[in-house]
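Here's the structure, in structure tokens; my notes come after.
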Amino acid sequence: MSSTNTRFALGQQDIPTAWYNIAADFAEPMPPMLNPATNKLLSPEMLEAIFAKPIAEQEFSQERWIEIPDEVRDVLALWRPTPLLRSVRLEKALDTPAHIYYKYEGSSPAGSHKPNSAIPQAFYNKQAGIKRLATETGAGQWGSSLSLACQLFGLECTVYMVGSSYRQKPYRRMAMETWGATVHASPSMETEFGRRVRAEDPHTAGSLGIAISEAVEDTLKNPGTKYALGSVLNHVCLHQTVIGQEAIRQMEMAGEEPDVVVGCAGGGSNFAGIAFPFLREKIVNGKKTRILAVEPSACPSLTKGELRYDFGDTAMTTPLMKMYTLGADFMPPSLHAGGLRYHGMAPTVSHAFQQGLCEARSYEQHEVFEAATLFARAEGIIPAPESSHAIKAVIDEALEAKKEGKKRVIVFNLSGHGLLDLPSFEAFRLGSINA
């Protein structure tokens, strides 16, 4: 075996021309979103109070392929297509017969997969004449990405960043502010809901549910402002499918088909990006690929949540969605994988899981950082804590292959680098990170 990683690269002409909408291929239709005031079906027009019209339409679309505007593809070409690499050094470190491949999304300007949706969302809002976007962010990857996208399209950007991450990850805030965004630690004093939460618990770590509530309140109270979401909803998962589409072509270049496809799962965008195009191969072409979603034990919506209608935010102002949820009022601990601290799972991912199309497992934080450190020392790339959950599952899969003495082809989404998450790795190295 060569000691050098093999890189499979596409050209700019290979950037996907359409997003894949998995809703079109489910054998059983997805449960619809409901109006929380009436419990009746929600219409696209109702979503236009917070989203630009094209985004609201995409949320409800049943089209299998939705064309990517040329203006969006031109910006994506700043870093796409992203490379697929075979992890020869990690394979050697594990002494496994498994072949391990990773799709590396850390080459984007913001260092993660999140610009794949931030760019089209900023584009559609600019087209609609919107002047300002409000959003939430957990670890800061989405906030950074939307800040960049707003700068590229000439929009103002306000970000409500979960308080624990705001304090743990100051460089993400600095990146957002460098790109021109205004950033508030959530819960903040900027919104009525934020002030109420702080009054009830002055020492709260915050949560994505609270930050979403603040961003939605900001949107509804300020004319010329729309809301932008970085995960969970169908249109976000849709935008991320450029990842899996490219990965399928790159695996063809490698001459292999995956036995297992792995992605970390918080709200669902990372997992959906790599998994949904491969899920289409299962649904439409009968492929036997196992699809694995990996989440933190501290916030295990798929592995321990309940499938039911729930709100997407803590203030309970969003539409009701059928999803695996720990409850809109669930307050997760301030784990270092801040992007996975969400109480529910994307409705599309939840539906795929409920239909038996994918599997799920969860891990404790310390074992995730052990896996991340092994990967960094073998491959050179320091992974984001979120993606490190996928790495832990990949290592376990590779060790199972070793035990069985059989080859197993594993593909996972390395959704970003961890260069702005180094305090988390320092805490792990010094033994001060919790379970």
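Observations on the model:
- Ala175 being part of a helix (DSSP H, G or I), among the small types (Gly, Ala, Ser), assigned by TED's automatic domain parsing to the domain that holds Ala122 and touching an Asp or Glu at 6+ places or on another chain (Cβ under 7 Å): no
- The residues in the stretch 67-81 that are over 18 Å from Leu148 (Cβ atoms) and assigned to a helix (DSSP H, G or I) can be counted, and the count is 1.
- Evaluating His343 against the criteria (1) buried (at least 17 other Cβ atoms within 10 Å of the Cβ); (2) under 29 Å from Ala254 (Cβ atoms) leaves one unmet condition, (2).
- The stretch 159-172 - residue that is surrounded by 24 or more Cβ atoms within 10 Å (Cβ to Cβ) and of a type in the set (Lys, Arg) and, of those, farthest from Gly230 (Cα to Cα): Lys169
- Scanning the stretch 136-172 for residues that are under 19 Å from Pro383 (Cβ atoms) and assigned to a helix (DSSP H, G or I) yields a total of 8.
- Consider the stretch 273-324 and keep the residues that are in a helix (DSSP H, G or I) and aliphatic (A, V, I, L, M). The one that is surrounded by the most Cβ atoms within 10 Å (Cβ to Cβ) is Ala275.
- Flag if Ile100 is crowded, with 24+ Cβ neighbours inside 10 Å, among the hydrophobic types (A, V, I, L, M, F, W, C) and not assigned by TED's automatic domain parsing to the domain that holds Glu190: yes
- Filter result for Leu133 (surrounded by 24 or more Cβ atoms within 10 Å (Cβ to Cβ) and either assigned to a strand (DSSP E or B) or assigned by TED's automatic domain parsing to the domain that holds Gly255 (or both)): yes
The values are calculated or read from the model by the stated rules, or taken from the named source; none is laboratory data. In this text, all values refer to a predicted model and were calculated from it rather than measured experimentally. Ideal geometry is used to build each Cβ from the backbone, glycine not excepted, and the neighbour counts take in all protein chains shown.
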